[in-house]
Amino acid sequence: MLGQEFLRKLKMPDLDDVSQYIQSVSTPVLVSVGAVAAATTYYLATRPKALPPVCDLRMQSVEVQGGELARRSVLLKGDANITHFYDDATTMYECFLRGVRVS
């Protein structure tokens, strides 16, 4: 048969060899493998869903008027460059201090 020839070419172990190997493994190892498989399945089934992107991922930037191949983010309002996010944090050091204060 084609399936048996394919398995022979892959040098896959026979089902008898696999079952003999599983029988020779101790019970705590099998229980541990089952617990890891169950925990992995639970995690994959209940993990949080990804947040939707805030903009179209195929159009993350737009061309700047008058700029040769210059682009800006679509998240900016208008053509003005952004200098800082918060008025009380204009440098990286102040951003770290603000993060400590806010958290």
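Suppose we filter 54, 18 for residues that are within 30 Å of residue 79 (Cα to Cα) and either hydrophobic (A, V, I, L, M, F, W, C) or more than 32 Å from the chain's Cα centre (by Cα) (or both); which single one remains?
54
Out of the residues in segment 1-13 that are surrounded by fewer than 10 Cβ atoms within 10 Å (Cβ to Cβ) and of a type outside the set (Lys, Arg), state the one that is farthest from the chain's Cα centre (by Cα).
1
What number of residues in segment 79-93 are modelled with pLDDT of 85 or more and either closer than 19 Å to residue 61 by Cβ or small (Gly, Ala, Ser) (or both)?
The qualifying residues number 1.
Six or more apart or on different chains, Cβ atoms under 6 Å: show the pairs whose first residue is in segment 64-86 and in contact (Cβ under 8 Å) with a residue 12 or more places away in the chain and surrounded by 10 or more Cβ atoms within 10 Å (Cβ to Cβ) and whose second is hydrophobic (A, V, I, L, M, F, W, C) and part of a loop (DSSP other than H, G, I, E, B).
Going by the 6 Å Cβ cut-off, the qualifying pairs are 64/70; 74/55.
Under the condition of being exposed (fewer than 10 other Cβ atoms within 10 Å of the Cβ) and in a loop (DSSP other than H, G, I, E, B), which residue from segment 21-51 is nearest to the chain's Cα centre (by Cα)?
Once the filter is applied, the top-ranked residue is 50.
Exactly one of (1) in a helix (DSSP H, G or I); (2) surrounded by 10 or more Cβ atoms within 10 Å (Cβ to Cβ) is unmet by residue 55. Its number?
Tallying (1) in a helix (DSSP H, G or I); (2) surrounded by 10 or more Cβ atoms within 10 Å (Cβ to Cβ), residue 55 fails exactly one: (1).
The values are calculated or read from the model by the stated rules, or taken from the named source; none is laboratory data. Nothing here was measured: the structure is a model prediction, and the numbers come from that model. Please note: Cβ atoms are built from the backbone with ideal geometry, for glycine as well, and neighbour counts cover all protein chains shown.
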